[in-house]
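What follows is a short report on a single structure.
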């Protein structure tokens with residue numbers, strides 16, 4: 001991937017190179033015409049705004065073309081923002097509200113663009129680290145075309161074909177009615193471009209299903225092999241970008257260090273979730289059951305407990321947000337763990353591109369704090385970190401935290417959340433907080449016990465998603481611009497090495513402290529209270 | 001200011017062209033290409049793995065069906081009882097482990113299953129009394145299938161070991177020994193059951 005962004009040859013070049021250059025001709029952009037950070041950010045904003053506009057237009061018009069019920073304007077706003085910001089929160093019902101073809105040309109296309117934009121921002125940030133005394137960060141259009149042509153489109157074609165050969169249906173959209181084996185009953189089936197949809201949904205950390213039940217649906221995820229391939233694809237781009245980062249800064253150890261920090265948080269939490277799901281529930285011990293808990297509620301037989309929870313951790317750690325089991329029916333402590341993975345601002349793997357630039361923000365904070373502790377000037381990859389950079393870092397860092405908590409405060413004024421949920425007690429608050437966290441961090445998974453698709457929540461969640469994406473992208477680009485202008489400082493004995501185990505553990509510490517301390521009060525009121533209530537019921 | 005307006009206009013133009021171009025590539029060519037390739041090389045999978053019986057399509061091996069007749073194996077209990085296993089109505093229960101409604105539902109499913117059993121001390125596998133994530137789960141665990149053997153053997157007047165052997169033949173094992181869980185396809189099992197002679 002590093003070669004792609006540096007404009008060097010790759011094994012796909014021989015036939016994609018002419019296509020790439022045709023594109024530049026059509027959009028009248030020269031490859032050498034580089035942008036400064038403001039120009040780059042401006043391009044992203046205009047591009048995203050127009051994406052929203054066109055998508056909104058398609059969603060608005062499709063109702064009259066297909067003779068379907070028109071969508072509420074707030075629902076359209078929520079949906080377009082959700083897919084342009086790579087959140088893929090679904091307030092609409094994919095089976096009922098939008099025709100499959102219109103989903104493919106509006107939502108489906110944004111599933112390509114939104115991860116591509118994420119990667120572009122990351123690449124611009126990395127250029128900030130590598131360039132010296134320059135104001136330029138590359139050309140957004142060139143980066144976008146390259147990411148799409150060389151990385152995202154080829155990978156999604158390959159994975160869509162593999163999904164198809166493993167059993168995921170792929171057909172022209174249609175409804176099939178059959179009468180079932182037990183006589184007298186009819187059953188309606190919806191088939192359509194499911195394999196091609198699923199591939200880009202999973203690969204681009206998107207996560208909006210073509211069916212409401214998403215990756216739990218047997219058409220989207222029919223067997224253990226597709227489940228495993230899905231898990232692999234969820235982690236593929238976010239993890240390989242760590243290596244790309246190392247390669248581009250000419251020091252792969254830096255990439256491995258970041259990858260190690262992610263893994264050290266991810267693996268124990270995942271194992272813990274699987275372990276916790278098997279806990280006995282004492283109120284069920286009188287029933288004639290083989291296992292005295294509700295661990296199979298909301299899970300598919302073919303995936304079982306382990307498969308479902310592996311998916312749950314992977315989907316919340318990366319900002320994918322597709323679900324392979326019902327998150328509302330998980331053991332409460334697992335709601336805590338999955339929420340926790342999202343609350344670390346989606347940096348443990350995170351979204352495609354956005355995960356790593358989020359992580360680099362935390363790395364800069366760590367460098368700053370560690371540098372102050374030992375009395376050295378904070379520097380990372382030879383760049384001095386000064387007041388301006390720290391301001392940008394803090395803006396990007398505090399935004400998701402601020403959004404979740406203030407969003408909760410505003411929404412609680414408008415909604416009586418108790419009436420919206422099928423559950424009671426602390427669980428309702430868990431569901432509420434989970435969904436806000438998911439929207440603000442652009443994850444998109446839901447605890448669907450609570451129905452948050454009324455007009456007010458659609459509007460406010462839409463704003464949270466919008467701010468959660470662009471309020472981070474702009475400071476990150478400003479940061480990149482200011483870093484690129486600096487000269488590098490030669491490494492001396494006074495430099496704090498950023499690839500050692502010591503640094504990795506300090507980084508993990510910072511991540512946990514910021515994640516844990518900000519949200520402990522709300523987590524204590526939600527999933528922790530529910531867990532203790534369940535454990536203490538006997 | 002003049003410069004900014006020009007910049008805005010040129011960026012808008014580029015954005016529009018990019019959006020149109022890639023909408024055609026990603027929204028039309030990509031799904032179309034994948035559809036054509038898969039329909040050519042794996043037609044039955046691409047169409048939805050439909051299953052025929054006597055020349056008539058009776059379902060898909062990927063999607064569960066509702067069985068309520070005691071002579072058939074039953075699948076996971078559906079959420080929606082009016083339109084069970086329906087694509088547009090299917091959703092998970094969203095009930096939390098602590099919710100008393102969930103306990104009541106499980107109790108109801110247990111009572112229904114037990115009313116067909118003569119041995120009241122049997123233990124029920126959990127997946128047979130809880131609903132699935134998609135509400136369309138085509139599978140049950142092998143234990144759940146074995147649990148129902150007594151009922152089916154007595155309703156159909158079949159030898160118990162014959163039905164047990166049928167279940168055994170239909171168990172799909174973990175892939176490569178570790179991926180997924182052991183399961184039985186309810187529709188395939190019931191189709192085979194109909195051909196079984198006493």
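Every number here is computed from the coordinates shown, using simple stated rules; none is lab data. None of these values were measured; they are calculated from a predicted model. Every residue, glycine as well, gets a Cβ built from its backbone with ideal geometry; the counts of neighbours run over all protein chains shown.
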Given labels modelled 7 Å from the Cα in the Cβ direction, how far is it in nm from residue A:384 to residue B:146?
-> 7.3
How many percent of all Cα-Cα pairs in the stretch B:2-45 sit more than 12 Å apart?
-> 69
Could you tell me which of rounded, prolate or oblate describes the stretch B:50-195, using a ≥ b ≥ c as the square roots of the eigenvalues of the alpha-carbon gyration tensor, with rounded for a/c under 1.5 and, failing that, prolate when a/b is larger than b/c and oblate otherwise?
-> rounded
Quick one: what do you get for the stretch A:420-530 if you divide its Cα Rg by 2.2 N^0.38 Å?
-> 1.51
So how far apart, in nm, are the two label points at residue A:30 and residue B:9 if each is 7 Å from Cα heading toward Cβ?
-> 2.1
Inter-centroid distance (Cα atoms) of the stretch B:56-100 relative to the stretch A:12-42, Å = 51
Within 10 Å of each Cβ in B:166-179, the average number of Cβ atoms from other chains = 2
To the nearest 0.05, how large is the calculated FRET efficiency for residue B:176 and residue A:256 if R₀ is 25 Å and r is the Cβ-Cβ distance?
-> 0.30
Here, residue A:22 and residue B:196, labelled 7 Å along Cα→Cβ, have an inter-label distance in nm of 6.0
Give the residues of the stretch A:225-267 whose amide nitrogen is closer than 19 Å to a point set 7 Å from the Cα of residue A:11 in the direction of its Cβ.
-> A:233, A:236-237, A:240-241, A:243-244
From other protein chains only, count the Cβ atoms within 10 Å of every residue's Cβ in A:167-178, then give the mean.
-> 6
Just report the Cα centroid separation between the stretch A:473-538 and the stretch A:350-390, whole Å.
-> 11
What span do the alpha-carbon atoms of the stretch A:2-247 cover on each of the three principal axes, reported in whole Å from largest to smallest?
-> 76, 40, 29
One point scatterer per Cα, no solvent, Debye formula: log10 I(q)/I(0) for the stretch A:133-269 at q = 0.15, 0.22 Å⁻¹ comes out as -0.89, -1.30
Descending semi-axes in whole angstrom, ellipsoid equivalent of chain A, from the Cα gyration tensor | 37, 30, 21
Using R₀ = 45 Å, calculate the FRET efficiency as 1/(1 + (r/R₀)^6) where r is the Cβ-Cβ separation of residue B:159 and residue A:535; round to 0.05.
-> 0.45
What percent do you get for the relative contact order of the stretch B:40-198 when only Cα pairs under 8 Å and 6+ apart count?
-> 24
Mind checking the full-extension length gain between residue A:412 and residue A:282? Use 0.36 nm per residue of separation minus the Cα-Cα distance, one decimal, nm.
-> 43.5 nm
May I ask you to compute the full-extension gain from residue A:398 to residue A:520, defined as 0.36 nm times their residue separation minus their alpha-carbon distance, rounded to one decimal in nm?
-> 42.3 nm
Can you give me the relative contact order of chain A as a percent, contacts being Cα pairs under 8 Å and 6 or more apart?
-> 20
Arranged from highest to lowest average of other beta-carbon atoms within 10 Å per residue, in what order do the peptides B:70-78, A:444-452, A:34-42, B:110-118 appear?
-> A:444-452, B:70-78, A:34-42, B:110-118
Tilt of helix B:160-170 relative to the longest C-alpha principal axis of chain B, in degrees (0 to 90, nearest 10)?
-> 20
